[in-house]
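> Submitted below is the structure of interest, expressed as C-alpha cells.
The values are calculated or read from the model by the stated rules, or taken from the named source; none is laboratory data. Note that the structure is a prediction, hence the values are computed from the model and not measured. Positions of Cβ are generated from backbone atoms using ideal geometry, with glycine treated the same way; all protein chains shown enter the neighbour counts. Just the protein is used for accessible areas: all its heavy atoms, side chains included, with ligands, DNA and RNA removed. Shrake-Rupley method; radii C 1.70, N 1.55, O 1.52, S 1.80 Å.
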Amino acid sequence: MASSIWKRFILSTTMCAALSVATQSSMAAPAACTGPIKIGLTTAQTGNLALLGVQAKNGVEFAIDEINKAGGMAGQQIVLDAQDTGASSTDALNAMNRVIEGKPLAIFGSMISPHVFTQTEAVTKSETPFIVGATNAKVTLQGSPWLFRIHAHDGQLADLVPRYLVSTLGKKKPGIIAVADDYGLGASKGIEATLLKLDVKPAAVASYAPSDKDMTAQLLEIKDKGADSLIVFGRPADVALVLKQSSDLGFKVPTIGNASMVAQTTLNNLSAAEADGIYGLGGMIPQTSTDPKIVDWSKRVQERYKVPADNFTVAYYDATYLLKSIVDKVGCDKAAIKDAFAATKDWQGLLITYSTDKVGDLTHTLGIYQNKGKTPVLVSTIKETGY
Amino acid sequence: MMLPFERSRLTVWLVIAAACALPLLVGGGYALQVANIALLNAIVVLGLNFITGWTGQVNFGQAAFYGLGAYTTAIALKFGVPWLATPILAAAAVMLAGLVLGVPTLRLRSYYLAMTTIGFGEIVRLVIVHWEPVTGGTSGLRNIPGVGIAGFELSGAIQHYFLLVATLSLAALAAHRLRHSAIGRAMIATRDSEIAAELSGIDTVRTKLTAFMIGAVYAGVAGCLYASSIHFISPDSFTGTQAVLLMTMLIMGGMGSIAGSILGAVSLTILPELLRFLGQWYLVLYGLGVIAMIVFAPGGMATIIASLRDRALRAERGS
C-alpha cells in the first residue's frame, strides 16, 4: 500500500516536472509564423518628396526579393504592402490607417518627420513595430515603445557638422544657410546651439523656401559679413543651386553640410570645379565603398531601379534584414519583435553596425565625405558623441 | 405624387440616415478615417462656395483659413483653454484674418484677387513655419487634446465621425438658409453682375466681405475639428496645393450648389484612396477624370444629378 502511494507520488511529480519543462520550452519557442508574412511600408511615391520615398521603397523591396528567393523569413514568404503618403501629413495618416487594417507584422515608415509624427499614435495603438528613417531628432522622443529609427538624425548632424568644421578644419566664423523646412530649420537651430557651446558665433544665418531658385541674396549677406566657411543644409535639388550660386559669386570657402552635399543627384547638377572639396556628413552612402560586396550590391540596385542607391536605400535595406534576423529568432509575435529591436546591439548591416539606444535610435555611426571633383570619397566615419 | 420640395427633403433625410449607418458597414478603421477627412473637406468647400460659388470671387486662401483655425485650436488647447471655447476662438481668429485680407483686396477682381489670396496663403504658411516657439515650425504641433465637453472626451474615429456629420448637417442647413435670405440673394446678384447689383442698391463690397468672412468661419471651424480629431498638425496640410484641391472639389461638385460642394469634396477625397491600387498611375486617371468632368459637365456633379432627376420626373409624369 505504502509502496503504491510512493509510486503514485513519484509518477505524479515526474509528470508535473515534465509538463513544467514542456510548458517552459513552448514559451521560449518562437511564435509560429503561418502563411505569407505581410510587411507594411508608407513613403512618398508621388509629389515633391517622391525622390526620397522611392529610395526607401527600393531598399525594402530589394531586400525582400533577396530574402524571398533565399527561402523567406522564418520559413515564410514576405508580402510587401506599400502605400503612397504623397506630400501631406493627412494623406500619410490615411496611408498608415490602410496599412494597419491589413494587420502587417511590422511597418516601415517614411523619412519625412511630419508624416511619422501624424502616424505614430495610430501605429502605437495597433501595437506594431514601426521602423522609420525620419530625420527630426524629436521623432524618437515621442515615447512610443514601438517606434525605432534606422537612419542618422538632425540632432547628430547638428552636433557633428559644426564640431568637425571648428575642431578639424579650424574654422571660426561660419555662415549658415538652410532650407526652411522641417529638415533644414531644425538642423540650423541645432548647429547654432553647438557653435555656441564651441564658443563660435556664426557670421550670418539664412534660410530659403524649398521652392526658391535664387539664393544669391542670402549668400551675398553671408559673404559680406566675412564668413570664413559655409554650412549648408538642404535637399539635393536646392543644395545644388546653393553651391552653384556660391561658386558664381566667387564665394569659395570651405563648405560642409548634410549628405545632400555629396549625393549623386546634387553632383549631377554641378561641374567638377563647383563640387570639388565640399564636405558632407550623414548616413552611409554605398558609392564610396571599395568593398567588392558593396560595389556589387550598388551595381545590382542601379541595374534594377535605374537610380543609384543612397543613404536611405542602405538604411531601409538594412532594416529589412534586421527584421528578418529578429523574426527568424523570435517568430511572429509583435511584442517579442519590438523587444528584440529594443535589445539590438552591434548588428552588422551593409556598411555600419546598429545598436538601439534608450529612445529607439539604431544608428550612431555617420560618414564624413569629401568630393574629389564630382566623386565623393569617404574621409572617415564618425561616431555620435557618447558612442 | 410627391412634390419636388418633399422629394428633396426626403433625399436629405435619406442621405443623413445613410451617413449615420456608415460606421456599421465599415467599422472604425481606415475607411472611417477617410470619411472623417471627407466630411472636414466638405465643410471647408461649403465655406468656399459662399465666396466663389455664390459671390463669384476666386479665393485660393481657403486652405490658409483652414490652417489658421487648426493652429488657433491647437495653441488654445495647449494653453489649457476648454475645448468648447476653441471653435469660437478659431472662428474669431479667421474672421479677423478674413477682415484683414478682405477689406483692402475685395475691390480687386478676377486674377488680381486670385493672386492676392495666393499671397495670403503663402504669408500664413511662412508665419507658421518660422514662428516656431508657438507653432512648432515645420515639425508641427503634436499631442493636441481631443474634443472634450463637460468631462466627456470623444475618442476614436466613430465618435468624431458623428460629430462631423452633425457639424456638416448644421453647416449645410445654415448655408441653405443664408442662400435664400437677403444676403444670399445679394451674393448671387453680385456674382451675376456687380454693376447691376450696385444699381439695385446692393453694397457689393460689403456683400463680398460678408461672403468672405462666412466662408472663412466655415474653414476655421473645420480646422478646429481637424486639429482635435487628428491630434497633430503641420504646415504641409494647409499648403497652396491643398487650396487648389479645395477649388477643384468645388468646381467638380458644382459651383453654387450646396449638394454639389459636399459631393465634390467627398468624392475627390475618397477617389484617390479608391485608386490607390493603381500605384503612381492613379494621378493620371485622377487628372483625366477631372478634365473629362470639366469638358463634359462644366456645371459639375450637381448638374449631372439635376439632369438625372429631371429625366426621372419627366418619365414619371409621362407614365
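> What residues have an amide H closer than 5 Å to that of B:V147, excluding those fewer than 5 places away on the same chain, when H is modeled at 1.01 Å from N in the peptide plane?
So B:V147 has HN proximity to B:L154.
> A follow-up question, please. Connecting C-alpha atoms closer than 10 Å in a GNM of chain A, tell me which of A:G226, A:G175, A:G234 has the biggest fluctuation.
With Cα springs under 10 Å in chain A, the top fluctuation among A:G226, A:G175, A:G234 is at A:G226.
> Which value in deg cm²/dmol, rounded to the nearest 500, describes the helix-derived mean residue ellipticity at 222 nm for chain A, given -39,500 (n - 2.57) per DSSP H run of n ≥ 4 and division by the residue count?
That comes out to -14500 deg cm²/dmol.
> Any idea which of A:S126, A:A263, A:A206 is furthest toward the positive side of the dipole for chain A, if Lys and Arg beta-carbons carry +1 and Asp and Glu beta-carbons -1?
The one lying farthest along the dipole's positive direction is A:S126.
> Express as a percent, rounded to the nearest 5, the fraction of DSSP beta bridges in the protein assembly as shown (both residues included) that run antiparallel.
Just about 35 percent of them are antiparallel.
> In whole Å, how far is the Cα centre of the range A:328-387 from that of the range B:131-205?
48 Å
> I'd like the mean, over residues of A:88-101, of how many other protein chain beta carbons sit within 10 Å of each residue's own Cβ.
Taking the mean over all residues of the peptide, I get 6.
> Could you work out how far the C-alpha centroid of the range A:94-112 sits from that of the range B:80-116, in angstrom?
The distance from the Cα centre of the range A:94-112 to that of the range B:80-116 comes to 36 Å.
> The range B:1-125: D in µm²/s via Stokes-Einstein (Kirkwood Rh, Cα pairs, 4 °C, 1.567 mPa s)?
D = 75 µm²/s.
> At a 1.4 Å probe radius, carbon and sulfur cover how many percent of the accessible area of the range A:167-237?
53 percent
> If you plug each phi of the range A:187-194 into the Karplus form 6.51 cos²θ - 1.76 cosθ + 1.60 with θ = phi - 60°, what whole-Hz ³J(HN,Hα) values come out, in order, with x for Gly and Pro?
Using θ = phi - 60°, the values come out as 5, 4, 5, x, 5, 4, 5, 5 Hz.
> Let me ask you something else. Within the accessible area of the range B:9-49, what % is carbon and sulfur when the probe is 1.4 Å and the other protein chains stay in place?
In the range B:9-49, the share of accessible area belonging to carbon and sulfur is 78 percent.
> Sticking with this one: So if R0 is 51 Å, what FRET efficiency would B:L84 and A:A217 give, r being the distance between their Cβ atoms, rounded to the nearest 0.05?
For R0 = 51 Å, the calculated efficiency reads 0.60.
> A further question follows. So what is the 222 nm mean residue ellipticity for chain B from helices alone, if each DSSP H run of at least 4 adds -39500 (n - 2.57) and you divide by all residues, rounding to the nearest 500 deg cm²/dmol?
Computed mean residue ellipticity for chain B: -24500 deg cm²/dmol.
> How high is the FRET efficiency between B:V100 and A:A70 when r is their beta carbon distance and R₀ equals 45 Å, given to the nearest 0.05?
0.10
> Okay, next question. With the full set of protein chains in place, find how many percent of the accessible area of the range B:176-250 is carbon and sulfur; take the probe as 1.4 Å.
Exposed carbon and sulfur together represent 60 percent of the surface.
> Report, in degrees rounded to the nearest 10, the 0 to 90 angle that the Cα long axis of helix A:236-248 makes with the longest principal axis of chain A.
The helix A:236-248 is inclined about 20 degrees to chain A.
> Once amide H atoms are placed 1.01 Å from N in the peptide plane, what residues at a sequence separation of 5 or more from A:Y354, or on another chain, have their amide H within under 5 Å of its amide H?
Result for A:Y354 returns A:D346, A:W347, A:Q348, A:G349.
> What are the ³J(HN,Hα) couplings of the range B:267-283, residue after residue, when phi is run through the Karplus curve with 6.51, -1.76, 1.60 and θ = phi - 60°? Round to Hz, x for glycine and proline.
Karplus-based 3J(HN,Hα) across the range B:267-283 equals 5, 7, 7, 7, 3, x, 5, 5, 8, 4, 4, 7, x, 5, 6, 4, 5 Hz.
> What's the average, rounded to a whole number, of partner chain beta-carbon atoms within 10 Å of each residue's beta-carbon in B:26-32?
The shielding value for this peptide is 3.
> Can you give me the C-alpha center-to-center distance between the range A:194-235 and the range B:221-273, rounded to a whole angstrom?
38 Å
> Next question, about the same structure. Could you grab the relative contact order for chain A? Cα pairs under 8 Å, six or more apart, rounded to a whole percent.
17 percent
> When you look at the Cβ of every residue in A:108-120, what mean number of other chain Cβ atoms sits within 10 Å?
Mean partner-chain Cβ count within 10 Å for A:108-120: 3.
> Please list, in order along the range A:44-57, the HN-Hα scalar couplings obtained from phi with the Karplus expression 6.51 cos²θ - 1.76 cosθ + 1.60 (θ = phi - 60°), rounded to whole Hz, x for Gly and Pro.
6, 10, 9, x, 6, 9, 4, 4, 6, x, 5, 4, 5, 4
> Sorted by average packing, counted as other Cβ atoms within 10 angstrom per residue and highest first, what order do B:248-261, A:346-359 take?
In decreasing order of mean packing, B:248-261, A:346-359 become B:248-261, A:346-359.
> Amide H to amide H under 5 Å from A:V379: which residues, 5+ apart in sequence or cross-chain, H placed 1.01 Å off N in plane?
A:I368, A:Y369, A:Q370
> Still on this structure, I have one more. Which of the chymotrypsin sites (Phe, Trp or Tyr not before Pro) across the range B:183-250 are loop residues per DSSP, with 13 or fewer other Cβ within 10 Å?
Here no chymotrypsin sites (Phe, Trp or Tyr not before Pro) fit, given the DSSP loop and packing criteria.
> Given the pairs A:K69/A:K338; A:K138/A:K299; A:K197/A:K252; A:K171/A:K299; A:K172/A:K244, which are separated by over 28 angstrom at their Cα positions?
A:K138/A:K299; A:K171/A:K299
> Using the Cα atoms of the range A:315-378 to build a convex hull, what is its mean projected area in square nanometres?
5.1 nm²
> Test of understanding: in a Gaussian network model of chain A with alpha carbons linked when under 10 Å, which of A:D318, A:D212, A:D91 would top the mean-square fluctuation ranking?
Ranking A:D318, A:D212, A:D91 by mean-square fluctuation puts A:D212 first.
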